[in-house]
Amino acid sequence: MARLRDCLPRLAVTIRSLLFWSLVYCYCGLCASVYLLKLLWSIGRAPAQTFRRVAREQPPACLNDPSLGTHCYVRIKDSGLRFHYVAAGERGKPLMLLLHGFPEFWYSWRHQLREFKSEYRVVALDLRGYGETDAPTHRENYKLDCLITDIKDILDSLGYSKCVLIGHDWGGMIAWLIAICYPEMVMKLIVINFPHPNIFTEYILRHPAQLFKSSYYYFFQLPWFPEFMFSINDFKALKHLFTSDSTGIGRKGCQLTTEDLEAYIYVFSQPGALSGPINHYRNIFSCLPLRHHMVTTPTLLLWGEKDAFMDVEMAEVTKIYVKNYFRLTILSETSHWLQQEQPDIVNKLIWTFLKEETRRRD
């Protein structure tokens, strides 16, 4: 009996692991079938249109707008990767590091680069595999440990030991992990539309609606097919994410201009530009949940209530993992792309949080 009692916990863990991975692969197969049907439907209706792709050789002028900052590059010694970032504000000022989500790049922070450069050295990074940053070929190079180490090495290379860290979507995931693993590096944490990683993994298994909203996580486990589906119809799926009524930027906020949208398509239409970003997702199920999960950094969580990809309930329960000052602000009638859709409101909330925390510390 004693031996049986000793084996039961290990058996429970094994069964839970098998059930989890069975769910992952079954749902992955289901998502693949749905997207395959969409592809066949598109080919049947308009085969020439399905495989049409406009050549984009020159970047839109907005990507070289000097008011946004200076394009810079830094090569990390340990990984050997070259990272691209856009920096605004004087060197020597406190660092504000901005981490974008998917499918985005440094440009999604254009409103914040202009806003915060008066008091900060603002750095909007292209994450590993995105934009002009190097993109390793193998999916193993996109494990969360690698992504966390990237941020630590970036800070060292920029000559800083700490920063105000802001992340949106997948960049929010990385920001949470940095605050957990290297709390001494983060003066203040600001996350936009992404819950604490443990909340996400627990919630998704218990709420079928969130499982459906996160279907792209499972679809992205497939090799090459997700990249192909994003590229057909001249990147129609990418345009749809930002402009559709269901997932796009809300009608009451700032809309993407034609040039803004073209900037996104230009970046992700470059050869191999989709594999790196999607590879970020191809390791997530082997990395979560976390063993160490408490956040001890003052934290602001901003959330668009009409987020098509994340249930707002996850934001409301994130507080249990923050053992410090925590503020949650939910903006009604706003989408997943919060810092682009409502930049004035988001910037004001960030300023208030930064100043408030300074006063509380003093």
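The values are calculated or read from the model by the stated rules, or taken from the named source; none is laboratory data. Quick caveat: nothing in here was measured; it's all calculated off a predicted structure. We place every Cβ from the backbone using ideal geometry, glycine too, and count neighbours over all the protein chains shown.
For the stretch 217-232, which residues satisfy the criterion of being buried (at least 18 other Cβ atoms within 10 Å of the Cβ), at pLDDT 90 or above and in a helix (DSSP H, G or I)?
Those that are buried (at least 18 other Cβ atoms within 10 Å of the Cβ), at pLDDT 90 or above and in a helix (DSSP H, G or I): Pro226, Glu227, Met229, Phe230, Ser231, Ile232.
I'd like to verify a number: residues in the stretch 147-176 that are within 15 Å of the chain's Cα centre (by Cα) and either of a type outside the set (D, E, K, R) or assigned to a helix (DSSP H, G or I) (or both), how many?
So the count comes out to 15.
Per-residue answers, yes or no, for (1) of a type in the set (Gly, Ala, Ser); (2) crowded, with 17+ Cβ neighbours inside 10 Å; (3) under 23 Å from Ala61 (Cα atoms); (4) free of Cβ contacts under 8 Å to residues at least 40 places away in the same chain:
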residue: Gly101; (1), (2), (3), (4): yes, yes, yes, no
residue: Arg110; (1), (2), (3), (4): no, yes, yes, no
residue: Arg114; (1), (2), (3), (4): no, yes, yes, no
residue: Tyr120; (1), (2), (3), (4): no, yes, no, no
residue: Glu140; (1), (2), (3), (4): no, no, no, no
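Can you work out which of the residues in the stretch 142-170 that are within 14 Å of Asn279 (Cα to Cα) and in contact with a Gly (Cβ under 7 Å, 6 or more places away or on another chain) is surrounded by the most Cβ atoms within 10 Å (Cβ to Cβ)?
Once the filter is applied, the top-ranked residue is Tyr142.
Can you tell me how many residues in the stretch 183-210 are within 16 Å of the chain's Cα centre (by Cα) and either basic (Lys, Arg) or part of a strand (DSSP E or B) (or both)?
Qualifying residue count, the stretch 183-210: 4.
Condition check: modelled with pLDDT of 95 or more and in contact with a Lys or Arg (Cβ under 7 Å, 6 or more places away or on another chain). Does Leu261 satisfy that? Even if it seems obvious, please write down each step before you answer.
Values: modelled with pLDDT of 95 or more: yes; in contact with a Lys or Arg (Cβ under 7 Å, 6 or more places away or on another chain): yes.
When the stated conditions are applied, Leu261 passes them.
Going residue by residue through the stretch 249-264, is there one that turns out to be surrounded by fewer than 17 Cβ atoms within 10 Å (Cβ to Cβ) and in contact with a Phe, Trp or Tyr (Cβ under 8 Å, 6 or more places away or on another chain)?
Looking for residues that are surrounded by fewer than 17 Cβ atoms within 10 Å (Cβ to Cβ) and in contact with a Phe, Trp or Tyr (Cβ under 8 Å, 6 or more places away or on another chain), one finds none in the stretch 249-264, hence no.
Suppose we keep only residues that are charged (D, E, K, R) and surrounded by fewer than 10 Cβ atoms within 10 Å (Cβ to Cβ) within the stretch 7-60. Which one would you say is modelled with the lowest pLDDT?
Per the stated criteria, the residue is Arg10.
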